[in-house]
Amino acid sequence: MNTAIALVDCNNFYVSCERVFNPKLRHVPVMVLSNNDGCVVARSQEVKALGIKMGTPAFQCDELIRNHDIQVFSSNYTLYADMSRRVMETLKLFTPDLEIYSIDEAFLSLTGFDTREYKSYGQKIRKTVLQWTGIPVSIGMARTKVLAKAANEIAKKNGGYDGVVDLINCSEGEIDARLEQLDVSDVWGVGHQYTRLLKSNNITTAKALKYADIDWIRKKMTIMGARCVYELRNHSCFELEKYPEPKKGICSSKSFGVPVSSKQDLEEAVASYVARASEKLRSQNSYANMLIVFVATNRYRKDEPQYANSACLKLKGPTSNTIELTESALIGLNKIFKAGYRYKKAGVLLEGIQPDTHIQLNLFHVFDRAKKKQANILMKTIDGINKKWGRDSIRLATEGIKQPWKMKRTRLSQRYTTNWNELLEICV
C-alpha cells in the first residue's frame, strides 16, 4: 500500500501562543527571546519582514524594537508545552498513527485514506486546530517524510496555497515544479555545512538535489544524505516513529540569570537540574548508571578569570531516585568547585540509561528490593503532586527557596492554562 504522510507545523509557534491570549498582538510585530532574554527564538511575520534573523542577540535589536514598537516576550515554556499538548491531542482525532516530531510539529499517517480528497482533509485539520486551540498551522502532504516537509515549507512561504500543499497524487513533473521553488537549504536534513557544499557544486534547489548523483551524495553526505535524496524521489526511507526510542542521555542545564560565586547557590542550581533530569528519566521508565556534573564561567567575559570543569560519577546502582542522584551530584560538585570565580552555567547529564525493568546488578552493590520499591512509590507520589498542582509544588530543600540564580525572564507572560492564579481575565 502506498504511504501517505502529512506534516503539520504550527506557524511561528511561540508567537502564536502569546497571541491566543492577547488579541492586541495580532498584526503587530512580536518576538520571543531565549533563556535569560538573550537571543531571538521566535518571530512574527512582521518581525521577519524587518530583517531580524533567528538567534540575533536581543541587544542588537534595541533600535528596531523602539522604532517599530515590537512586542517582546520572554520564553514561557509552561504555556508553550500546554498549548503543544492541546494541538497534538486535536491532531490525534484525525488519525490513529501520529509521530510528535517536536513541540510544534507532527507527522500524521494518512495511509489508507485514499478515498478522501487529501487537500480538503488538510484544510479540515487546519480549520479544526485553529478553532479549538487558536494556533494557525501549515500542512504538507506527500508519499515520504522529506517530501511532506518540503511541501510544508512551500505552504508556509507561499500564501497562494492557503496553508496546505498536497503532493500525494501529483505527477513527477508537478512535484518537480514545486521543488524548484524550494531552496536546497530548506530540505530536511540539509544544514549550513551541507548547504555550502551543495551550492558550491551548483545544487541550489530541492529539485537539483533530487536529481544529484547518488554516489556523490552518499560520499559527501553519508547514507543519511542519500536517503533524503531517495525520499525526494518518492521512495520512502524513513518510517513514522509512533513510539520513539527512550533517550540514551538526559541533560539539564541552564545559564544563570546573574553570575554565581557562592557554593550554596551552585548546589541549589545543580540540585534543581537533577530534579528536572530525574523527572524526565522516570517519565520514560528508565534508570541511570552514571552522572556527570559540570560548571563553567562566562567565556565571553575576557576581563574575568576563566574556569570550567566536570566530574563523572559511577552511581552505586541504577536509579531514578531524585534524592540519590542529588547526593551524587553534590559530591561531584564538591570535587570541581573552586572559589573566586563567577560561574555562568552549571548542569547535569545522566548516562548509562537502561529500562527500569532490566536492572544490571554488580557484585559490590546490595540490591534492596523493598527499599527500591518504597523509593519508587515516593518518586511517583512527588511526580503526581507536581503534575496536578504545578511544577515545584513539592521539591527537595536543597533546591533552595528564593533561587536568585534562576534565569532572567523580565518579559514573561502569564501561564494562562496551567495556573489558577494566572487565568485570563475578561472585563465586560
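Assorted remarks:
- Candidate set from the stretch 85-97 (those that are touching a residue at least 40 places away in the same chain (Cβ under 8 Å) and open to solvent by 20 Å² or more (accessible area, probe 1.4 Å)); member that is nearest to the chain's Cα centre (by Cα): ARG86
- Considering only residues in the stretch 329-355 that are of a type in the set (Gly, Ala, Ser) and over 15 Å from ALA288 (Cβ atoms), the one that is nearest to the chain's Cα centre (by Cα) turns out to be ALA346.
- Reported count of residues in the stretch 82-135, each being small (Gly, Ala, Ser) and under 13 Å from CYS10 (Cβ atoms), is 4.
- GLN374 modelled with pLDDT of 85 or more, open to solvent by 40 Å² or more (accessible area, probe 1.4 Å) and either farther than 13 Å from SER272 by Cα or among the aromatic types (Phe, Trp, Tyr) (or both): yes
- Residue in the stretch 356-388 that is nearest to the chain's Cα centre (by Cα), counting only those that are among the charged types (D, E, K, R) and outside any helix (DSSP H, G or I): ASP356
- The selection criterion, being among the charged types (D, E, K, R), touching a residue at least 40 places away in the same chain (Cβ under 8 Å) and farther than 30 Å from TYR416 by Cβ, does not hold for ARG178.
- For THR322, the conditions (1) closer than 16 Å to ALA275 by Cα; (2) touching a Phe, Trp or Tyr at 6+ places or on another chain (Cβ under 8 Å) are fulfilled apart from (2).
- All of LYS127, LYS145 fail the test of being under 25 Å from the mean Cα position of the chain (by Cα) and open to solvent by 60 Å² or more (accessible area, probe 1.4 Å), apart from LYS127.
- Matching entry among ARG395, ARG391 (being under 22 Å from the mean Cα position of the chain (by Cα) and part of a loop (DSSP other than H, G, I, E, B)): ARG391
- GLY191 within 26 Å of the chain's Cα centre (by Cα), open to solvent by less than 60 Å² (accessible area, probe 1.4 Å) and under 24 Å from PHE107 (Cα atoms): yes
- Enumeration of residues in the stretch 276-286 that are farther than 19 Å from SER310 by Cβ and open to solvent by 10 Å² or more (accessible area, probe 1.4 Å): GLU279, LYS280, ARG282, SER283, GLN284, ASN285
- Answer residue from the stretch 68-84, given it is of a type in the set (Ser, Thr, Tyr) and in contact (Cβ under 8 Å) with a residue 60 or more places away in the chain and is farthest from GLY122 (Cα to Cα) among those: SER74
- The set of residues in the stretch 66-84 being within 17 Å of LEU412 (Cβ to Cβ), open to solvent by less than 50 Å² (accessible area, probe 1.4 Å) and part of a helix (DSSP H, G or I) consists of LEU79, TYR80, ASP82, MET83.
- Residue in the stretch 129-137 that is out of contact with any helix residue (DSSP H, G or I) (no Cβ under 8 Å at 6 or more places or on another chain) and modelled with pLDDT of 95 or more present: yes
For (1) open to solvent by 70 Å² or more (accessible area, probe 1.4 Å); (2) not in a strand (DSSP E or B), each residue gets a yes or a no:
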residue: LEU209; (1), (2): no, yes
residue: LYS219; (1), (2): yes, yes
residue: VAL229; (1), (2): no, yes
residue: ASN234; (1), (2): no, yes
residue: CYS237; (1), (2): no, yes
residue: LEU240; (1), (2): no, yes
residue: LYS248; (1), (2): yes, yes
residue: SER253; (1), (2): no, no
residue: PHE256; (1), (2): no, no
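- Residue within the stretch 142-152 that is in a loop (DSSP other than H, G, I, E, B) and either acidic (Asp, Glu) or in contact with a strand residue (DSSP E or B) (Cβ under 6 Å, 6 or more places away or on another chain) (or both) present: no
- Residue check, GLY51 touching a Cys at 6+ places or on another chain (Cβ under 7 Å), open to solvent by 20 Å² or more (accessible area, probe 1.4 Å), without any contact (Cβ under 8 Å) to a residue 24 or more places away in the chain and over 24 Å from ILE426 (Cβ atoms): no
- Only one of the listed residues (TYR287, TYR341) is among the aromatic types (Phe, Trp, Tyr), assigned to a loop (DSSP other than H, G, I, E, B) and touching a residue at least 24 places away in the same chain (Cβ under 8 Å). That residue is TYR341.
- Looking only at residues of the stretch 197-207 that are within 19 Å of ASN234 (Cα to Cα) and assigned to a helix (DSSP H, G or I), we find that the one that is least open to solvent (accessible area, probe 1.4 Å) is ALA206.
- For the stretch 22-45, filtered to residues that are touching a residue at least 24 places away in the same chain (Cβ under 8 Å) and part of a helix (DSSP H, G or I), the residue that is surrounded by the fewest Cβ atoms within 10 Å (Cβ to Cβ) is GLN45.
- Where TRP188 falls short, out of the listed (1) closer than 30 Å to ALA275 by Cβ; (2) in contact (Cβ under 8 Å) with a residue 40 or more places away in the chain; (3) among the aromatic types (Phe, Trp, Tyr): (1)
The values are calculated or read from the model by the stated rules, or taken from the named source; none is laboratory data. Note that the structure is predicted; figures quoted are calculated from it, not measured. Cβ atoms come from the backbone with ideal geometry, glycine included; neighbour counts cover every protein chain shown. Remember, those area values only see protein heavy atoms, side chains included, never the ligands or the DNA or RNA. Shrake-Rupley method; radii C 1.70, N 1.55, O 1.52, S 1.80 Å.
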